[in-house]
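Okay, structure first, notes after.
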Amino acid sequence: MHNMKKTILVAITLTLTALCATASTYYGFKIGGVAVNSDNYTNVKGSTITANITGEPYKVSYDPTTKVVTLNNVKIERTGNDNRCIYNESCDGLTVYFSTNNSRLSSTTCAPIRIEANTTFSCEALVRVNVYGSDGDANCLYASNGATVTFDHATCFMYLTGNSNAAITSSSTTNEKIVFHHSRVYARSANGSALSRFSSVTSDGSALLLRTGSETANAVSSVKAFSIPTYATMTVGYNDSISNFTTYTYTGTATFSTSKQTFIGSNNQALPGKDIIISQRIPVNETNFPDAILRAWVTDNYGTTLETWDIFQRRTINVQSSGNETLKNVEDWTGMNYFMCFRRLWVEGGRTKTLRLAANKEFYHLRCYDNQLGIVWSGLTSSLNMVPSGNEGVIEGFNVTVSEHNPLPTRTQLGYIKSKGFDFIVKNSDQTYSLNALEDYTPIDMAHFPDDALRGYLYGRLYGYDAAIYASENATIYDLDIKNSNIADLTGIEYLTNIQRLYCYQNNISSLNISQNTKLTLIYCYWNNIKSEAWEQFVTTAPTMTNRLEVYCYFPSGNYENNDEPTYAQVAQAKAKNIYFYKHNGSKWEEMSDVPPAIKGDVNGDGKVNVSDVTTLINMILGVIEKNEQRADINGDGKINVSDVTALINLILGVQ
């Protein structure tokens, strides 16, 4: 008996352990009837989840950290009561993201989308939602439990063919809300309202086409509050380009009536059997589009007023394309913020100076090589949004093969670019390189190295292929061999703090600043154009060198431009900083002296020959002061005596 009890206890323990080990976490929502949980969230599969575009890959995946479920090229078709395509029971803050390829949701009996917790829909591609049934629950989207439904940068067509009351509706008893933010939504009900029973509807920067096929129903009904920005307009009877329905006879402005909870036409009557279009209208003027060239292009393509429907159609601008050539000369792209679905700008070879993309949440590709005025990275980087899921964010921003180009972004700016999911590409001849922000770097651009030839030399080195000298690379650059390279300006070498040897002879250099190059031991700089004033600046700004620095500065030649020789005072000042000048005497290099040669008769060394020198010479002969044989032997006989006094007096008097 004891053994039996023990066996039973072991079996129970093992069973409970197995159950605990296999228990999964339900995340609070279903896709295609499949409960999304900790076991299947990376790839949610079900019999009704298929490819919308046959032959193309499709997938449903969920990120529990961000609460984003992504549907790519997904078609979900369901039949039967309560068989929904997307059902959010309790995942508060869920985002349903439709990426890349179009997706389709359809049901024959009930609402394909049912929302009972706050949910956001965001779309990279078009989403179609269809309902074919006539059940009272057969709406395209049904919200309850006080949920707020948000469409954020979404493009959706919702089409209801049955007899249900609305394409988009709610329980009407628990204050459900719906928000359209920078979205394009077309909702049509064949026999009922397009939008109904929400406590509030808010539209911000969106285009809404709300249509009913019934002559007795209202396109919008039983909505307690409808909020739109002042720049939006509402019209009815509009035949939108996205549909093939016939034009209605009534056109005019519609206003929302709080008391009647619907839209009222100019005849003070509700608008049955008509379209409600809520559209943002942007005047094409100097305030909204300050650049005259961009303003003219927008006017030519869209007229003097931008409609939201037009705004959503513009995805790409390529200044190389036919009809867009004038856009090369646009300096300020302010105004493109109104094109909320704007994704790609290819402005290679342009004049772009200002570009901000805060409102362009779908933007992911900028090609701006060779812009003559240079991109102002600080304004652009601070306005970037995260790259939309499913896209590769790219900024093709720097081309080393042209003399006029953008500056390279700083490490801080690049870090921000990377944090938003963008890669920054540097083009060098036929190769491209990705700039990284993992360590500090010195940009090889005009701001740091203004001389074209010097930049060209650096671009050709392994460490300069990507136009950035990283700290780890800089630490190993000991030699800079730029002789005979047509260089006129060495500005930038101050960033190369580890160079020990500089070979820059036979160029057109007019100044030399080594204030930050304390490790230099050798400079060959003859056959340049360094004049006395530049040498003065050199010795004044030079640091005291760690090791002896030898500067080979003068080589006489009739074939090349030559430097001035440093003065004795400059040589002396340099020596005090452990810097030694050398010049070539025709056969060999020799160190330059800081002591000028003596003037015959200048016994006291004041640079003049006069009676003071006679007095000094006599004192030397008498032993009053120490003799200086080099200066006191006037007649050159190797002795210092009265004969030298006579020779000095004759020299002063001009007697041979």
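Data for the structure
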read-out: Count of residues meeting criterion [surrounded by 13 or more Cβ atoms within 10 Å (Cβ to Cβ) and under 30 Å from residue 550 (Cβ atoms)] in region 604-641; value: 1
read-out: Residue within region 151-160 that is part of a loop (DSSP other than H, G, I, E, B) and modelled with pLDDT under 85 present; value: yes
read-out: Every residue from region 43-60 that is closer than 11 Å to residue 33 by Cβ and under 37 Å from the mean Cα position of the chain (by Cα); value: 44
read-out: Among (1) under 21 Å from residue 270 (Cα atoms); (2) open to solvent by 10 Å² or more (accessible area, probe 1.4 Å), the one test that residue 182 misses; value: (1)
read-out: Qualifying positions in region 445-485 - more than 11 Å from residue 496 (Cβ to Cβ) and aromatic (Phe, Trp, Tyr); value: 457, 459, 465, 470
read-out: Residue satisfying condition, being modelled with pLDDT under 90, outside any helix (DSSP H, G or I), open to solvent by less than 30 Å² (accessible area, probe 1.4 Å) and touching a His at 6+ places or on another chain (Cβ under 9 Å), within set 388, 407; value: 388
read-out: Residue in region 285-322 that is surrounded by the most Cβ atoms within 10 Å (Cβ to Cβ), counting only those that are free of Cβ contacts under 8 Å to residues at least 24 places away in the same chain and not in a helix (DSSP H, G or I); value: 285
read-out: Meets criteria (in contact with a helix residue (DSSP H, G or I) (Cβ under 9 Å, 6 or more places away or on another chain), more than 26 Å from residue 424 (Cβ to Cβ) and not acidic (Asp, Glu)) for residue 486; value: yes
read-out: All positions within region 244-284 that are more than 20 Å from residue 201 (Cα to Cα), part of a loop (DSSP other than H, G, I, E, B) and either open to solvent by less than 40 Å² (accessible area, probe 1.4 Å) or modelled with pLDDT of 65 or more (or both); value: 266, 267, 268, 269, 273, 284
read-out: Count of residues meeting criterion [over 34 Å from the mean Cα position of the chain (by Cα) and over 19 Å from residue 128 (Cα atoms)] in region 61-90; value: 5
read-out: Residue match in region 589-603 (condition: open to solvent by 60 Å² or more (accessible area, probe 1.4 Å), modelled with pLDDT under 85 and under 30 Å from residue 500 (Cβ atoms)); value: yes
read-out: Residues located in region 31-45, provided they are of a type in the set (Gly, Ala, Ser) and buried (at least 16 other Cβ atoms within 10 Å of the Cβ); value: 32, 33, 35
read-out: Hits in region 177-228 - residues which are of a type in the set (Asp, Glu) and closer than 23 Å to residue 311 by Cα; value: 204
read-out: Cross-chain or 6+ apart pairs with Cβ under 9 Å, region 585-614 first and among the hydroxyl-bearing types (Ser, Thr, Tyr), then surrounded by 13 or more Cβ atoms within 10 Å (Cβ to Cβ); value: 593/568; 593/571; 612/603; 612/604
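Conditions (1) more than 13 Å from residue 86 (Cα to Cα); (2) in contact (Cβ under 8 Å) with a residue 60 or more places away in the chain; (3) in contact with a Gly (Cβ under 6 Å, 6 or more places away or on another chain), marked per residue:
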{"residue": "36", "(1), (2), (3)": "no, no, no"}
{"residue": "46", "(1), (2), (3)": "no, no, yes"}
{"residue": "50", "(1), (2), (3)": "yes, no, no"}
{"residue": "57", "(1), (2), (3)": "yes, no, no"}
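The values are calculated or read from the model by the stated rules, or taken from the named source; none is laboratory data. Since the model is a prediction, treat every value here as computed from it, not as a measurement. For neighbour counting, all protein chains shown are included, and Cβ atoms are generated from backbone atoms with ideal geometry for every residue, glycine included. When the accessible area is computed, the model is the full protein with side chains, heavy atoms only, and any ligands, DNA or RNA have been set aside. Shrake-Rupley method; radii C 1.70, N 1.55, O 1.52, S 1.80 Å.
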